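For reference, the structure discussed in these notes is given below.
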Amino acid sequence: MKRIILLLVPILFASACSTETQQPPVAPKPATIAPKPAIDQTKFEALYRSAKSLQGGMTVGVTYMKFGELLRGLATEISIAQHKATSSNEKELVGLYAEALKTYQDSYTLWNRKKDHPDYYWNDGETNSLVKKYNIPIKSRGFGGVFLDPEALKIIWDVAGKQLDKANKLYYSQ
């Protein structure tokens, strides 16, 4: 029996030394989502500047005619930028600026209606759709007169400003 034990001890010792110790399984690393590629700012700088000019004009005050010029400038830059945009990120950027332009154009339409009659509510299809789209309050005044809220343009400009802020954040890849 001693012989068997003496034979088994070296065998057990040798097998214990040669076997690899079992490690607990390692959890796989979570898949990382590749960040969106940064916007090439040099490619879209003119678009950004045009949008900032429009936004700045709204802050300091702008005439109806100057507002129209700023809108045309932004529309031109968007058209140019659409041809430059190659990645999905760049196309999204141009789309955000185009969305803001459309909102500013809506305010331009309403401003055109308000030039001659500042508070009057023009009861037509285009004005009605803008009132609904931007939830612009309507006020009734004596003799059955219906008028737009005096802040109607500001309501639309606030929406457009938020849209531009979103586009500008993407421009800066924030």
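The values are calculated or read from the model by the stated rules, or taken from the named source; none is laboratory data. Quick caveat, the model's predicted, so the values are computed rather than measured. FYI the Cβ positions are ideal-geometry reconstructions off the backbone, even for glycines, and counts take in every protein chain you see.
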**Asked** Of (1) assigned to a helix (DSSP H, G or I); (2) within 19 Å of the chain's Cα centre (by Cα), residue 109 satisfies all except one. Which?
**Response** (2)
**Request:** Report yes if residue 75 is hydrophobic (A, V, I, L, M, F, W, C) and closer than 14 Å to residue 44 by Cα, otherwise no.
**Result:** yes
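So, of the residues in segment 74-106 that are hydroxyl-bearing (Ser, Thr, Tyr) and part of a helix (DSSP H, G or I), which turns out to be nearest to the chain's Cα centre (by Cα)?
Across segment 74-106, the extreme among qualifying residues is 97.
Mind checking which residues of segment 36-58 are of a type in the set (A, V, I, L, M) and surrounded by 14 or more Cβ atoms within 10 Å (Cβ to Cβ)? Steps first, answer last, please.
Keep residues of segment 36-58 that are of a type in the set (A, V, I, L, M), which gives 38-39, 46-47, 51, 54, 58.
Across segment 36-58, the qualifying residues are 39, 46, 47, 51, 54, 58.
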**Message:** With the requirement that a residue be touching a residue at least 12 places away in the same chain (Cβ under 8 Å) and either within 17 Å of residue 165 (Cα to Cα) or surrounded by fewer than 13 Cβ atoms within 10 Å (Cβ to Cβ) (or both), what does segment 60-69 give you?
**Reply:** 64
**Complete:** Looking across segment 101-149 at residues that are surrounded by fewer than 13 Cβ atoms within 10 Å (Cβ to Cβ) and hydroxyl-bearing (Ser, Thr, Tyr), the single one that is modelled with the highest pLDDT is 129
**Message:** Given the options 102, 91, name the one that is of a type in the set (Lys, Arg) and within 25 Å of residue 126 (Cβ to Cβ).
**Reply:** 102
**Fill in**
residue 30 fails exactly one of (1) at pLDDT 95 or above; (2) farther than 30 Å from residue 130 by Cα, namely (1)
**Request:** Within segment 56-73, track down each residue that is assigned to a helix (DSSP H, G or I), at pLDDT below 95 and not hydrophobic (A, V, I, L, M, F, W, C).
**Result:** 56, 57, 59, 64
